[in-house]
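Since every read-out is calculated from the coordinates, none of them should be taken as a lab result. Every value quoted in this text rests on a predicted model; they were computed, and no experiment measured them.
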Amino acid sequence: MAKLVVVIVGPTCSGKTNLSLELAEIINGEIISADSRQIYKYLDIGSAKPNKNQLEKIKHWFVDYLYPDETYSAGRFEKEAEEIIENIFSRSKIPIVVGGSGLYIKALIDGIADPGDIDLEIRNNLKRELETLGRDHLYDKLKKLDPITAETMGSQNYKRVIRALEVLLSTGKSIREFHNSLPLKDKFNFIQFGLMLERQILYSNINTRVDAMIENGLIEEAKKILNMGYSKNLNSLNTIGYKEIIEYIDGGISLEKAIELIKRNTRRYAKRQITWFKADKRINWIDVQKKEALEEIFKSLREKNLI
């Protein structure tokens, strides 16, 4: 039987951190973070990283892994996470992959598709359109040509938008077709659990978290990162929470407006995460509003003779 890897997914503010910590403690697990922002050093408050006590209590991988000016990819995550999973198994522990970065998780479970050579003229044309017409233009273009893929990302994820467009225009196929054509891996036995809760409660959680981030020093954290010499144009800082606060620091918007935008953009991001994960029919959905949410996971694992 393939080795068991537990995967916990869901939108931001759905309770992944606390539930995964409880689970890891009970089943002797270690956590592999599949979060494209928690991977960066110094981005602590704005990425809602587990606190120091939580990180010390349960071993976490891919938290504080890179400096803000380093680049990372889903393909690299796939390779390195597989190595870490083997490391965890070698010590008789259970890997628990936790996060909301759907592309990282899909890469680990299904692999990364290679659509072959991309037409360089198409790529260069898209880059010129980005410079002259902006991100919203490219996003609108993707929505017209491939609306289902566009639903899983926002205009601010311009690198993914450009990637989706260049694959589509070069091959005539949606990037989803390449992802879905991959053979399933049989090296590990991945069992996925998705955390769900009512939309109103999710949005309330988002508002509460954003207010707490401001109160806990998000503005000071952003200033500190910039004062260390990191450019505000880095991909790591062009993310929800940091980009709005940096715009406030630059005098472009008021603090009240920045907070409003963070909440709005986080809600939109959560919607995209839900759309992405709902498309994967292998995910077992758990209502985290129920007190028995953790027991439901144990029940599912026991029914499959996995624990």
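Along each of its three principal axes, how wide is the spread of alpha-carbon positions in the chain, in whole angstrom units, largest first?
56, 48, 36
Here are some pairs, 79/159; 79/173; 187/271; 127/187; 187/281; 59/290; which of them have Cα atoms lying more than 29 Å apart in this structure?
In this structure, 187/271; 127/187 lie more than 29 Å apart at Cα.
Find how much the distance from residue 300 to residue 271 grows on full extension, using 0.36 nm per residue of separation minus their present alpha carbon separation; answer in nm with one decimal. Mind dumping the intermediate values first?
On the way: separation 29, 0.36 × 29 = 10.44 nm, distance 2.64 nm.
Stretched out fully, the residue 300 to residue 271 stretch lengthens by 7.8 nm.
Can you tell me which aspartates and glutamates have their Cα less than 19 Å from the Cα of residue 93? Leave out same-chain residues fewer than eight positions away.
Within the straight-line cut-off, residue 93 pairs with 22, 25, 30, 56, 80, 82, 83.
Shape of segment 120-179 from its Cα gyration tensor (a ≥ b ≥ c, root eigenvalues): rounded if a/c is under 1.5, otherwise prolate when a/b > b/c, or oblate?
Details: a/c = 1.97, a/b = 1.19, b/c = 1.66.
The shape class here is oblate.
Per q in 0.13, 0.14, 0.23 Å⁻¹, report the Debye log10 I(q)/I(0) for segment 83-174, using one uniform scatterer on each alpha carbon and no solvent.
Relative scattering, expressed as log10 I(q)/I(0), comes to -0.55, -0.61, -1.17.
Which value at 222 nm does the chain reach when only helices count, each DSSP H run of 4 or more adding -39,500 (n - 2.57), with the total divided by all residues and rounded to the nearest 500 deg cm²/dmol?
Working: 14 runs with 164 residues, N = 307.
Computed ellipticity for the chain at 222 nm equals -16500 deg cm²/dmol.
With the cut-off at 1.5 for a/c, could you classify segment 122-222 from its C-alpha gyration tensor as rounded, prolate or oblate?
Numbers: a/c = 2.30, a/b = 1.26, b/c = 1.82.
Because a/c hits 1.5 or more and a/b fails to exceed b/c, segment 122-222 counts as oblate.
With springs only between Cα atoms under 10 Å apart, run a GNM on the chain and tell me which of 131, 198, 25 wobbles the most.
Residue with maximal mean-square fluctuation among 131, 198, 25: 131.
Sort all Cα-Cα distances of segment 48-132 into consecutive 5 angstrom bins from zero, then give the percent of pairs in each bin up to the one containing the longest distance.
Over segment 48-132, the share of Cα pairs per 5 Å bin runs 3, 10, 16, 18, 18, 13, 8, 6, 5, 3, 0 percent.
Report ³J(HN,Hα) in whole Hz for each residue of segment 256-261, in order, from the Karplus equation J = 6.51 cos²θ - 1.76 cosθ + 1.60 where θ = phi - 60°; Gly and Pro get x.
Per-residue couplings from phi come out as 4, 5, 4, 5, 4, 5 Hz.
Step through the table entries 57/304; 223/243; 106/278, compare each Cα-Cα distance with 21 Å, and write down the pairs that go over it.
Values: 57/304 28 Å; 223/243 12 Å; 106/278 13 Å.
Listed pairs above 21 Å: 57/304.
Please compute the contact order of the chain in relative form: average sequence separation of alpha-carbon pairs under 8 Å and at least six residues apart, divided by the residue count, as a percent.
Values: 407 pairs, mean separation 79.7, N = 307.
Relative contact order for the chain comes out at 26 percent.
If you stretched the chain out fully between residue 122 and residue 140, how much longer would it get, using 0.36 nm times the residue separation minus the C-alpha to C-alpha distance? All intermediate terms of the calculation are to be shown ahead of the outcome.
On the way: separation 18, 0.36 × 18 = 6.48 nm, distance 1.69 nm.
That pair, residue 122 and residue 140, stretches by 4.8 nm at full extension.
Classify segment 179-307 as rounded, prolate or oblate, taking a ≥ b ≥ c as the square roots of the eigenvalues of its Cα gyration tensor: rounded when a/c is under 1.5, otherwise prolate if a/b is larger than b/c and oblate if not.
Numbers: a/c = 2.63, a/b = 1.89, b/c = 1.39.
In terms of gyration-tensor shape, prolate.
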